[in-house]
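Report on the following structure.
The values are calculated or read from the model by the stated rules, or taken from the named source; none is laboratory data. Note that the structure is a prediction, hence the values are computed from the model and not measured. Note that we place each Cβ from the backbone using ideal geometry, even for glycine, and neighbour counts take in every protein chain shown. Heavy atoms of the whole protein, side chains included, go into the accessibility calculation; ligands, DNA and RNA do not. Shrake-Rupley method; radii C 1.70, N 1.55, O 1.52, S 1.80 Å.
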Amino acid sequence: KEDFISRSHVQVINNDLYITVKDLQSTNGINYKDEKVKEAQIQIGESFILGKIEFFLKQGSLDEFKLAKELIPIFDTIGSDNEKKFDNTATRYIEDIYSETLKVVMHIGLKKNDFRDFLMDIGNHLSNLTDFGSLYIISRHESEFRILLSVQNESLKTEILKKVVKSSPEIYSKSIISQTIPGIQPEAVCYSFPLKLDEPDSVLVFTGYKRKEKEDQKLADFLSRLVTEIDLLSQLLTSRTRQDTTPDQAESIRDDIVAESSQMKELIKQAQKIAVSDIFVLIQGESGTGKELFAKLIHKHSQRAKHKFVAINCAAIPESLLESELFGHEKGAFTGAYIQKKGKLEMASGGTLVLDEIGDMPINLQSKLLRALQEKEFYRLGGSTPITVDLRIISITNQDLKTLIKEGKFREDLYYRLVHRSISIPPLRDRKEDISALINYFTAKFCQQTQKKIGGYSVKAFETLQEYNWKGNVRQLENEIRSIVNLTDDGETVGYEILSDEIKEVPDEISGVADSGFSGGFSQKAATETEKDMIIRLLEKNLWNKSRTARDLKMTYVGLHKKLKRLGIEPPE
């Protein structure tokens, strides 16, 4: 019996690719996408809620649900959460973040039709756990080890995983293993859990720092329950190829910001706080860091989200046309103006206007923009009627506007009109812990688009991608993964040889990994030399010049400084 469901609550109309649910004047209606509705079209993979019961629409035979008894406790937990949603459809965070994460993982899995798709998706949610550690799902096929999923933090990376697997053949035994890690920091620990996937010899490995006994037990319980969920979903989910990604789905993917690093997560929180106000924002960062994604995030979380998001690139449009693009023009205003045209300022009224590459706006046009912002009105070119607008402006640049002000290339009064608050996005080379999450994300995205299933990455390929400096930032990484997915055969493992020549230029002594996997994973030099020894050797070679050593290691100076501090390396007196 369900107290919140009426005797005649909803009518379900079956169609080929979706169902229509209609409310029959019930007391509590239908919850769909966290909103109370009277009617909704439910696509395959979507769900709706009646009272505290959530109904998922899946495609397949009833045999797929033979594990239903094992899933009942998990469904009960989801049902309890849905009862809270019924009271308040806004997202609620509960005190135990591990329980919340488990519910999210199961919720995501039940909406998927393909296990690989699910596996790639959960990495983003596991990375939201603060001070979590590093988690891998790896598979052994003959002598080769493949990385199927990686969720990494800044401190514990693949060199620890290599040592664990190399020194612990029992990692593939049937029992849960908790151990300290030989040859690594004494406070580092490892948990490993065999998985029942179709992939041969699959195992979930967690590496992290040792905590208090109660905290370690909580973590072990969470990992054990996570493994149970992954095993159940691997059996439950069908292996049929997903339908092509729709344009709407592709756009929603582009709006997501994938981040594991603490600095990026903090920037996302900052952007969400800024969004609720109407202050103007400047987003700075190198090309390819994802500045427009932050602009979309701010718009999406603002009160202007139901209105237009309009963007214009000030560097891509000739100066003679840029004024018309911004302010619009009347018919006959100039040669070729055959019809009246609204400008971007007018189109974005009530919503958000993004001025991309604002530093390249011509100085004479800056004064006209400043006047329009001060007066909150302007005239179309050739027009005599004032146009009143309600704007929120987000400016984007990869330049230092204050330097441009000193050089006389940017108006200082316009700067202070446009910049109420600024956000600086760090380059990808300064947040390498985000790379593994981005690899997971883009691999899943392009596998969907090409209807392929990629069987993970060889260790050398994965580590080379992780250690590369990515001068073009996230955009360059995205293009590299797009190329990799398109050039890798369906079902095959991504090998080192498929990477572009530019990426493969990382020195062998830095990557130190053979393409056959962990079993032959260390180069001859790396087998007898620790990371600390190698860095000291390079420092001595460069007469302890840290800048030159950072370049040799393809690291930033700040990154090298942090590593030296962590490894306890100090210059000789």
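Normalising by the residue count of region 326-385, find the relative contact order in percent from Cα pairs under 8 Å and 6+ residues apart.
Relative contact order of region 326-385: 45 percent.
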In Å², nearest 10: area of SER262 left accessible to a 1.4 Å probe: 90 Å²
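Report the gain in length on full extension from GLN303 to GLU35: 0.36 nm times residue separation, minus Cα-Cα distance, nm rounded to one decimal.
Working: separation 268, 0.36 × 268 = 96.48 nm, distance 1.68 nm.
Taking 0.36 nm per residue and subtracting the Cα distance, the gain is 94.8 nm.
Classify region 360-513: rounded, prolate or oblate, from the alpha-carbon gyration tensor (a ≥ b ≥ c, eigenvalue square roots; a/c under 1.5 rounded; otherwise prolate if a/b is larger than b/c)?
Because a/c hits 1.5 or more and a/b exceeds b/c, region 360-513 counts as prolate.
Determine the sum of side-chain charges near THR488: Lys and Arg each +1, Asp and Glu each -1, restricted to other residues whose C-beta is under 13 angstrom from that of THR488.
On the way: positive: ARG146, LYS452, LYS453, ARG482; negative: GLU480, ASP489, ASP490, GLU492, GLU497.
Net charge around THR488: -1.
Sequence gap at least 6, Cα distance under 8 Å: using those rules, report the relative contact order of region 317-359 to the nearest whole percent. Mind dumping the intermediate values first?
Working: 35 pairs, mean separation 12.8, N = 43.
Averaging sequence separation for qualifying contacts and normalising by length gives 30 percent for region 317-359.
Please give the contour-minus-distance gain from GLN374 to THR403: 0.36 nm per residue of separation, less the Cα-Cα distance, rounded to one decimal in nm. It would help to have the intermediate numbers written out before the result.
On the way: separation 29, 0.36 × 29 = 10.44 nm, distance 2.39 nm.
Full extension from GLN374 to THR403 adds 8.0 nm.
What length, rounded to one decimal in nm, is gained on full extension from ALA316 through to LYS471, with 0.36 nm per residue of separation minus their alpha-carbon distance?
Details: separation 155, 0.36 × 155 = 55.80 nm, distance 2.17 nm.
Contour length minus Cα-Cα distance gives 53.6 nm.
Among rounded, prolate and oblate, which fits region 308-378 when a ≥ b ≥ c are the square roots of the eigenvalues of its C-alpha gyration tensor, a/c under 1.5 means rounded, and a/b larger than b/c means prolate? Can you show the working numbers first?
Values: a/c = 1.43, a/b = 1.19, b/c = 1.20.
Note, shape of region 308-378 comes out rounded.
Rolling a 1.4 Å sphere over the protein heavy atoms, what is the accessible area per residue of region 309-466, to the nearest Å²?
Result: 42 Å² of accessible area for each residue.
Around TYR32, what is the net charge, scoring Lys/Arg as +1 and Asp/Glu as -1 over all other residues with Cβ under 11 Å from its Cβ? Intermediate results must be reported in sequence, preceding the final value.
On the way: positive: LYS33, LYS36, LYS38; negative: ASP23, ASP34, GLU35, GLU39, GLU46, GLU54.
Summing Lys/Arg as +1 and Asp/Glu as -1 gives -3.
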Cross-link table LYS306/LYS344; LYS265/LYS291; LYS196/LYS460; LYS406/LYS471; LYS103/LYS210; LYS212/LYS273, entries beyond 22 Å C-alpha to C-alpha: LYS196/LYS460; LYS406/LYS471; LYS103/LYS210; LYS212/LYS273
LEU370 - accessible surface, heavy atoms, 1.4 Å probe, Å² rounded to 10: 10 Å²
Label-to-label distance, nm, for residues given as GLN217 and VAL12 (7 Å Cα→Cβ offset): 4.3 nm
